[in-house]
Every structure is written in structure tokens, then in C-alpha cells.
Amino acid sequence: MQKTLSSGKTLNLNPAQLGAVLAFLAVALGAFGAHELKGILSPERLVTFETAVRYQMYHALALLVIGTLPKVSHKAALVLFIGVVIFSGSLYLLVATNMSWLGAIAPIGGLGMLTGWAMLFFSLFKR
């Protein structure tokens with residue numbers, strides 16, 4: 001995935017790099033949740049936080065694997081990445097702000113993840 005920055009330089013990120021970033025953040029956020037949020041959050045909000053971390057890590061690992069596959073759609077990986085950022089991000093914000101309407105955004109991210117998985121499935125047949 002190539003992105004041109006405002007400076008004119010090109011930033012190249014492959015699915016494995018995106019997965020590594022997501023995995024790093026999932027471990028950091030998971031540790032924060034386990035050590036700092038356990039006594040602060042209600043049990044329901046802690047479950048929400050753990051769900052966000054879990055789905056983020058699942059998709060981080062998937063992106064790491066996708067990055068090793070030849071001729072797999074990088075668009076599928078990007079859609080997976082965006083989907084998990086929206087899904088987990090909305091849940092993190094919900095927990096942090098207690099604004100329950102943010103829970104309505106999570107299914108949009110879930111749809112993005114499902115779309116990414118479908119795109120990956122079909123790209124595997126184009127090899």
C-alpha cells in the first residue's frame with residue numbers, strides 16, 4: 001500500500017507492517033486494561049474493552065500472515081485494517097467516554113472486516 005505524503009515522499013506499508021502496528025497496540029492496550037482499568041470500569045465496559053483488544057489482535061495476526069502470502073489483494077488487507085480500526089476504535093472510545101451511541105459505529109467496522117475477509121477469499125482464487 002503506497003501513500004504519498006504532503007512532503008512528496010512515498011510511504012510504503014505492507015499488510016505485515018500494518019499487522020505489527022495493530023499487534024503492538026493490542027498488547028499495550030490489553031496490558032493497560034488488565035492492570036489499570038480493572039478496578040475502574042464496570043464489568044460490562046471491561047468486557048467491551050477486552051472485545052476490542054481481542055478483535056484487534058485477531059486481525060493483527062491475520063495481517064501478519066497476509067503479508068507473507070504471494071499475490072494476495074493488498075486492498076483486502078487495507079479494508080481489514082480500516083475495519084478493525086473502526087470496530088475496535090469505536091469500542092475503545094465508548095469505554096473511555098461512556099457515550100453509548102459509539103456502540104452503533106462498531107457494526108460499521110465489523111462490516112469492513114467482513115468485506116475484507118470476503119475480498120481476501122476471492123483474491124485467493126485469482127492466483
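The values are calculated or read from the model by the stated rules, or taken from the named source; none is laboratory data. Quick caveat, the model's predicted, so the values are computed rather than measured. Cβ atoms come from the backbone with ideal geometry, glycine included; neighbour counts cover every protein chain shown.
Note on the range 83-114: residues that are crowded, with 21+ Cβ neighbours inside 10 Å, within 12 Å of H59 (Cα to Cα) and of a type in the set (A, V, I, L, M) total 2.
Answer yes or no as to whether V84 is modelled with pLDDT of 95 or more and in contact with a Gly (Cβ under 7 Å, 6 or more places away or on another chain). Yes: the conditions hold for V84.
Could you please let me know if A104 is out of contact with any Phe, Trp or Tyr (no Cβ under 9 Å at 6 or more places or on another chain), more than 25 Å from L29 (Cα to Cα) and of a type in the set (A, V, I, L, M)? So A104 fails the test.
Taking the criterion of being surrounded by 16 or more Cβ atoms within 10 Å (Cβ to Cβ) and either without any contact (Cβ under 8 Å) to a residue 40 or more places away in the chain or more than 14 Å from R54 (Cβ to Cβ) (or both), the residues of the range 27-41 that qualify are G30, G33, L37, L41. Taken as a whole, the structure leaves L18 outside the set of residues that are in contact with a Phe, Trp or Tyr (Cβ under 7 Å, 6 or more places away or on another chain), among the hydrophobic types (A, V, I, L, M, F, W, C) and outside any helix (DSSP H, G or I). Test H59 against the criterion of being free of Cβ contacts under 8 Å to residues at least 12 places away in the same chain and either out of contact with any strand residue (DSSP E or B) (no Cβ under 9 Å at 6 or more places or on another chain) or on the phi < 0 side of the Ramachandran plot (or both), and give yes or no. In short, no. Looking only at residues in the range 62-82 that are more than 27 Å from L37 (Cβ to Cβ), touching a residue at least 60 places away in the same chain (Cβ under 8 Å) and under 13 Å from the mean Cα position of the chain (by Cα), the one that is surrounded by the fewest Cβ atoms within 10 Å (Cβ to Cβ) is L78. Does A23 satisfy being at pLDDT below 95, of a type outside the set (D, E, K, R) and assigned to a helix (DSSP H, G or I)? Judged against the criteria, A23 is not a match.
Within the range 103-127, residues that are of a type in the set (S, T, N, Q) sit with their Cβ atoms under 7 Å from residues that are at pLDDT below 95, at 6+ positions apart or across chains, in these pairs: S123/V72; S123/S73; S123/A76. Scanning the range 41-76 for residues that are among the small types (G, A, S) and modelled with pLDDT under 95 returns S42, G67, S73, A76.
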